[in-house]
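Only one structure is covered here, and it is reproduced in the block below.
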There are 2 protein chains.
Amino acid sequence: MPMLTQRSAMPENETQADLEDRLTELSEPSYLDALLDHGLLISTGVDGLYGRSAVFEDVVERISALIGAWGVGRDVELLRFPPAMSRALLEKSGYLRDFPDLAGTVFTFCGDDSDHRRLLSCLDRAEDWSDSQRMSRIVMTPVACYPVYPVIAARGPLPEGGKTLDIFSYCFRHEPSLDPERMQLFRQREFVRLGTPEQVDLFRNEWISHAEHMMRALALPAVIAVANDPFFGRGGRFMMDSQRSQQLKFELLISVINPDKPTACGSFNNHTDRFGKIWQIRTDTGAMAHSGCCGFGLERIALSLFKLHGFDVHAWPPGPRAALWHG
Amino acid sequence: MPMLTQRSAMPENETQADLEDRLTELSEPSYLDALLDHGLLISTGVDGLYGRSAVFEDVVERISALIGAWGVGRDVELLRFPPAMSRALLEKSGYLRDFPDLAGTVFTFCGDDSDHRRLLSCLDRAEDWSDSQRMSRIVMTPVACYPVYPVIAARGPLPEGGKTLDIFSYCFRHEPSLDPERMQLFRQREFVRLGTPEQVDLFRNEWISHAEHMMRALALPAVIAVANDPFFGRGGRFMMDSQRSQQLKFELLISVINPDKPTACGSFNNHTDRFGKIWQIRTDTGAMAHSGCCGFGLERIALSLFKLHGFDVHAWPPGPRAALWHG
């Protein structure tokens, strides 16, 4: 019944003028097109994988520094990890149970001269050469803080006041998209807290109000809301509901890139004792440690700033300019 | 003939005292042990994959800034790419012909609920779960400058004076090792030049003498020497000889980490028109563009500095301190 399908695709009461508006909107260049045209992002031929211009990088670095400034004068340890991590860590973390579709594993060639000839002959004939690759001990880092927990566990019980860490890394999520805010490779700056439930709770509340303050400084309209992770598959529904009802995750939502669909630019997570149990991390009193992390997607904040304040950073309002360049 | 084997393992004329010296050396903690003990590097359980302390990162960032300072006042475009790149780029670049063993490809899960259950059941039984993974369109970046060439090609012919780029990225090489200077994930800061053969030649010569100047400023004993890439397999021998005889590659060698085995901490490469041909990059006169790159392994320079000047950066000699902290 093609007629019915056509009619149902057009909202009821839509006039000819409404229809024309919708068509104009669809043919207008997207935000991604504008970012590529202005050279802020650079196409690599793969959706969600972009080069960055000097201006874009400068903004990302300054956002990262603004977030990092929270740690000044606090008892915070800075640790940095490469953009890939141990496969054993991924296997143990539970990530493959919850988000198998987003994970990336690094494969390598372990063959000899004749395997190499086969690989090259596949390439010559534009054939699939994935058979030549074997799983290595390395996987892409899915969340900047994942490598931290086994490192802290290996040090023994936490100090009396718990432990706070400053983390930054490129992260990978396998979700090819034409939305510039949904990148396959992007950066997170995070603070991680390990300690008693009270210490983690206090940390998260403090960060939620600090994040609201930062967003006001950047003149970005933002709200904090209860959220859930995109757990995989049919079983995922229960996990999402449970996470929401326990208020384990809050997100910083900015409705700038898509006025109708807020973009999660930060998240404030209470892991309870999940990572404590997995990695056997204990407080100074021997209790199972709780943990939480407050992290920001640096590209998403940058993209919100460029969308709202324009592509010329010199013309940005005094507030954001002061927060990023004279802070 | 075990006796013979044993005798040949011991150098001729080795005295009892020599032998004891060698045993002491073997049982002494390695440089990697010392770096881990001092917390400058952090174990992840995978050889060649380490976390970094705040002090280590600070030194790496300052080395990067020192290298980047060459671009000040020059007509240089800064571009940044994530630590992974397009698989099509790797396939076209020739890297899999020359260094298949070093490349890393990113695989992902593309299955449904039942594939997911199989994956989890493999994990539960500690079985191989690589069958669940399919090759994605993304691979690890093997050399920081690789993503640049197709981007420049897409812009059309080069400007009259050629083109110079400032590049920085995490890179991956699949070569697990206990030598801290042989990391699987490390950072490169590079300058890339595209233009006429004369422009590329001039650029490389200028960089070679600038690198010698930088090493004197850092008080690192260094020499520049003709070198070759580690081409794979039996056919690789010919490539190495050819590269050496044409002097296409020079390396910055620092004999600090291993007094007997110099560490390549930088390289100065003339690609001739190889990338020009692959990506169809032309000069303003329509000639096939030549290219060259001068790049540095930031972790290797940092490791040389820590080895020679000690783990306390405040106690480093005035020269390196001035070059990095007051430059």
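The values are calculated or read from the model by the stated rules, or taken from the named source; none is laboratory data. Nothing here was measured: the structure is a model prediction, and the numbers come from that model. Quick reminder, even Gly has a Cβ in these numbers, built from the backbone with ideal geometry, and neighbours come from all protein chains shown. Heads up: the accessible areas ignore ligands, DNA and RNA and are worked out on the full protein's heavy atoms, side chains in. Shrake-Rupley method; radii C 1.70, N 1.55, O 1.52, S 1.80 Å.
General observations
- From B:F268, B:F231, B:F296, B:F238, residue being under 23 Å from B:F99 (Cβ atoms), open to solvent by 40 Å² or more (accessible area, probe 1.4 Å) and hydrophobic (A, V, I, L, M, F, W, C): B:F238
- Complete set of residues in segment A:151-169 that are within 21 Å of the chain's Cα centre (by Cα) and crowded, with 22+ Cβ neighbours inside 10 Å: A:I167, A:S169
- In segment A:218-251, residue nearest to the other protein chains (Cβ to nearest Cβ) [restricted to those that are basic (K, R) and over 19 Å from A:S291 (Cβ atoms)]: A:R234
- Filter result for B:I257 (open to solvent by 40 Å² or more (accessible area, probe 1.4 Å), in contact (Cβ under 8 Å) with a residue 60 or more places away in the chain and among the β-branched types (V, I, T)): no
- Selection from segment B:175-198 of residues that are over 23 Å from B:L305 (Cβ atoms) and open to solvent by 40 Å² or more (accessible area, probe 1.4 Å): B:P176, B:T196, B:P197, B:E198
- Evaluation of B:M215 against the conditions (1) free of Cβ contacts under 8 Å to residues at least 40 places away in the same chain; (2) under 17 Å from the mean Cα position of the chain (by Cα) shows that the sole unmet condition is (2).
- The one condition in (1) within 14 Å of another protein chain (Cβ to nearest Cβ); (2) more than 19 Å from B:I67 (Cβ to Cβ) that B:R187 fails to fulfil: (2)
- Within segment B:60-75, restricting attention to residues that are part of a helix (DSSP H, G or I) and of a type outside the set (A, V, I, L, M), the residue that is farthest from B:D312 (Cα to Cα) is B:G71.
- In segment A:247-262, the count of residues that are charged (D, E, K, R) and under 20 Å from A:R97 (Cα atoms) is one or more.
- Sole residue being surrounded by fewer than 19 Cβ atoms within 10 Å (Cβ to Cβ) and not in a helix (DSSP H, G or I), chosen from A:L78, A:L102: A:L78
- So B:Y146, is it under 20 Å from A:Q133 (Cβ atoms), out of contact with any Cys (no Cβ under 6 Å at 6 or more places or on another chain), more than 8 Å from every other protein chain (Cβ to nearest Cβ) and open to solvent by 10 Å² or more (accessible area, probe 1.4 Å): yes
- Subset of segment A:124-154 (residues that are among the acidic types (D, E) and closer than 21 Å to B:F107 by Cα): A:E127, A:D128, A:D131
- Test result for A:E57, under 30 Å from A:R274 (Cβ atoms), in a helix (DSSP H, G or I), facing chain B (nearest Cβ under 10 Å) and of a type in the set (D, E, K, R): no
- Residues that are in a helix (DSSP H, G or I) and at pLDDT 95 or above were ranked within segment B:20-47; the one that is nearest to the other protein chains (Cβ to nearest Cβ) is B:L36.
The rows are residues; the columns are (1) closer than 30 Å to B:I152 by Cα; (2) assigned to a strand (DSSP E or B); (3) free of Cβ contacts under 8 Å to residues at least 60 places away in the same chain.
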| site | (1), (2), (3) |
| --- | --- |
| B:G286 | yes, no, no |
| B:C294 | yes, yes, no |
| B:A302 | no, no, no |
| B:F306 | no, no, no |
| B:G319 | no, no, no |
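- Near pairs, Cβ below 7 angstrom, 6+ apart or cross-chain, from segment B:89-116 (within 7 Å of chain A (Cβ to nearest Cβ)) to any residue that is among the acidic types (D, E): B:F109/A:D101
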